[in-house]
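A short write-up of the structure that comes next.
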Amino acid sequence: MMVNFSLSNAFSFMDAQNMSMLAVSSSKDDINLANVVSVRDERILKSALIFGANASGKSNLMKTISLMKDIVLHSVQAIESGITKNVVPFLLDEAGPTKPSEMEMTFIADGIKYRYGLSVFQGKIKEEWLYYTPKTRETILFERDGQLIEINKAAFSESNLFIKDGVIQKTREDVPFVSVVAGFNG
């Protein structure tokens with residue numbers, strides 16, 4: 001279940017933008033209860049409505065969420081590199097094309113909260129990270145910088161097959177590390 005999604009320097013968004021699915025307190029809580037799920041002491045909306053003026057970025061927000069999903073789920077199977085090339089930086093500012101585009105999602109799976117993100121520049125993954133919160137404290141699972149990686153060997157031992165001396169092995173620079181590990185049931 002998605003809790004939060006943020007992006008920056010992607011499509012029509014230069015500055016960081018955030019879509020939160022956390023429910024806010026309301027005097028009309030009885031009306032909102034049908035759309036709220038309680039997970040790990042957090043009230044999360046089952047659905048949300050995105051509205052705004054024409055050309056305000058609604059479609060690009062959804063496009064970015066979908067693109068992040070495609071990068072994670074389909075990059076490994078792609079014979080040729082290419083899915084990450086679909087990430088387009090903000091082009092209406094001189095700085096946009098010179099900086100990476102960033103996407104991050106917080107979600108809950110099997111009762112555990114995760115925060116996963118990646119940074120893409122010119123079709124290559126520049127940074128990637130995965131944290132989890134098994135109880136109350138957020139813990140690193142891995143952080144990637146280019147092809148260098150730092151892992152939590154105790155909590156993420158399944159990744160050891162793909163790392164040698166802190167450098168990712170068997171992973172193209174346009175493929176998320178999390179996708180490669182997941183492909184081997186990690």
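The values are calculated or read from the model by the stated rules, or taken from the named source; none is laboratory data. From a predicted model like this one, the values you see are computed outputs, not experimental measurements. Note that we place each Cβ from the backbone using ideal geometry, even for glycine, and neighbour counts take in every protein chain shown.
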Item to complete: Show the residue pairs that are 6+ apart or on different chains and have beta-carbon atoms under 7 Å apart, the first residue being within segment 166-182 and on the phi > 0 side of the Ramachandran plot and of a type in the set (D, E, K, R), the second being surrounded by 19 or more Cβ atoms within 10 Å (Cβ to Cβ) and at pLDDT 85 or above.
Response: K170/V180
Practice prompt. Within segment 137-149, track down each residue that is modelled with pLDDT under 90 and either aromatic (F, W, Y) or loosely packed, with under 15 Cβ neighbours inside 10 Å (or both).
Written response: L148
Worksheet item: Does T106 count as surrounded by 14 or more Cβ atoms within 10 Å (Cβ to Cβ), of a type in the set (S, T, N, Q) and either touching a Pro at 6+ places or on another chain (Cβ under 7 Å) or at pLDDT 90 or above (or both)?
Response: yes
Response to the item:
Every listed condition ((1) modelled with pLDDT of 90 or more; (2) out of contact with any helix residue (DSSP H, G or I) (no Cβ under 7 Å at 6 or more places or on another chain); (3) within 26 Å of L118 (Cβ to Cβ); (4) not acidic (D, E)) holds for M19 save (2)
